[in-house]
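First comes the structure, then the notes that go with it.
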Amino acid sequence: MAPEDLHLDVRAIPTWERHPKIFSSFDALVPGQSLVLTSDHEPRPLRAEFNLKRPGRHRWEQRDLGDGRWEVRLSNAGPVTPASAAAMLAGALESRARRMTVKRRRVLVELGADWPYIGVVESGILAATLTTAMGREQTMYEVLTGDIFGEVALIDGGYAPLRFVAVTNDTVVLLFPSDAVRALAAAAPQIASALGVVAAQRFRAVVERFAAHLSQTTTARVAQALLAYASPEIGLRDALDPLPTLTQNEIAMRAGTVKEVVSRALAELETAGALRRDGGHIAALDRVKLLAASEGDMHPS
C-alpha cells in the first residue's frame, strides 16, 4: 500500500522561511510518497532552487488553481507519474524524439505554422508570444524546463496559435511527431487527460493575463511580470535568470505594453526600492515591494 502524500500549505509562512521547510519536508519523504504544496504565487524561485540543489532527483508537477492559489506535487525521481504529460511522452516515445538546440531569440515555431510536433523543453525557457497585425507582441506565458508545448494544435489539429521563441541561450527541446502522440493518447487515456490539463493551464494563464490588462495599471503589470524572477528572501536579492539578460522590449512583451512605458515603470519601481539595475539591466528584486507595487500600493523607499 502506497504511503499517504504529505501536504504542506505554505501560504501562512513568511516567504523567506518557506524554502528550508519545503526542502526538509521533501528530504524526509519515504519511497512512493509525494509532497503536495499549496502556495500563494507561482513557485518559480522554488523550482529554480530544486533544479539547482536536487538536479535529477525530483519530479515537479504544478497547477495554477486560480484566485492566487498554486499547487505543486513534488516526488522523488523514479517511475513516470501519471500526472506529467511531458514525462510520459519522454518515456513512451523516446525512440521517436528529435533533440534540437535553439539559440536565444531564435523562433522555433512561427505563429500560424502547420507544425507537426509536440515539444518538451529539456533545458532553458521558451516564450509563447502573440503578434498582432500591427506588429505588437505580447508574451502570453513561458514554457520552463520540463514543460510541454504545442498541445493546442495537437488537440484540435489546427495551426499554431502562438509563436515560440527561445529566451535562454542554447535552449534544448525534445520534439515528438504529432501523429505518434495522437496514437499514444488514443491508446492511453491518462496521456490524453494530462494533455488536457496542460491546455487548461495555458487557457487559465491567458485569461489571467487578459484580466490584468483590464484591471491593473502599467506599472502594476510590470511589477507582476517581474515577480516571477524574484527571490523569496528578504530585501533586494539577485534576480533569477533570465531576467538580468532581458531587454526592455522583452519585459514590455511580458507586461503587455511598449518599451517607453516600461522604461518609466522601471524607474518608478527602482525609486520605490523594488529593484536595482546594473548597466541598464535588472540585477536585483525585492519580492515584498514588487508585490505591493503589483497591487497598486507602492511608496518611495
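Rolling a 1.4 Å probe across the protein heavy atoms gives the chain an accessible surface of 49 Å² per residue. Taking only the C-alpha atoms of the stretch 143-301, Rg followed by Dmax gives 18.5, 59 Å.
When only the Cβ of Lys, Arg, Asp and Glu is charged (+1, +1, -1, -1), the dipole of the stretch 53-133 relative to its Cα centre reaches about 500 debye. The alpha carbons of the stretch 1-141 stretch over 50, 38, 25 Å along the principal axes, in descending order. Over the chain, Cα pairs under 8 Å with separation of 6+ residues give a relative contact order of 15 percent. Here the stretch 175-270 has 59 percent of its accessible surface on carbon and sulfur atoms, given a 1.4 Å probe and all protein chains in place. Close Lys pairs in the chain, defined as Cα atoms under 26 Å apart and 8 or more places apart or on different chains, number 5.
Peptides 146-158, 202-214 ranked from most to least packed, by the mean per-residue count of other Cβ atoms within 10 Å: 146-158, 202-214. Just to be sure I understand: if I project the alpha-carbon convex hull of the stretch 143-207 onto a plane and average over all orientations, what area do I get in nm²? Over every viewing direction, the Cα hull of the stretch 143-207 projects on average to 4.9 nm². Under the convention that each Lys and Arg Cβ holds +1 and each Asp and Glu Cβ holds -1, the size of the dipole of the chain around its Cα centre is about 500 debye.
Loop-located trypsin sites (Lys or Arg not before Pro) across the stretch 19-61 with a Cβ neighbour count of 13 or fewer within 10 Å are ARG57, with loop assigned by DSSP. Compute the separation of the alpha-carbon centres of the stretch 98-169 and the stretch 220-287 and state it in Å as a whole number. Here the answer is 23 Å between Cα centres.
When a/c is below 1.5 the answer is rounded, else prolate if a/b is larger than b/c, else oblate, so apply that to the stretch 1-61 with a ≥ b ≥ c taken from the square roots of the Cα gyration tensor eigenvalues. Oblate is the answer for the stretch 1-61, as a/c is 1.5 or above yet b/c matches or exceeds a/b.
Summarising the overall dimensions of the chain from its C-alpha atoms, the Rg and Dmax are 19.4, 59 angstrom. Solvent exposure of TRP16, expressed as accessible area, is near 120 Å², computed with a probe of 1.4 Å over the protein chains only. Ranking ALA113, HIS58, GLY91 by Cα position along the charge dipole of the chain, where only Lys, Arg, Asp and Glu carry charges on their C-beta atoms, puts ALA113 farthest toward the positive end. Ordered by solvent-accessible area of protein heavy atoms (1.4 Å probe), largest first, the residues TYR229, TYR141 come out as TYR141, TYR229.
The values are calculated or read from the model by the stated rules, or taken from the named source; none is laboratory data. Quick caveat, the model's predicted, so the values are computed rather than measured. In this analysis, Cβ positions are derived from the backbone assuming ideal geometry, glycine residues included, and neighbour counts consider all displayed protein chains. Accessible surface areas use protein heavy atoms only, side chains included; no ligands, DNA or RNA. Shrake-Rupley method; radii C 1.70, N 1.55, O 1.52, S 1.80 Å.
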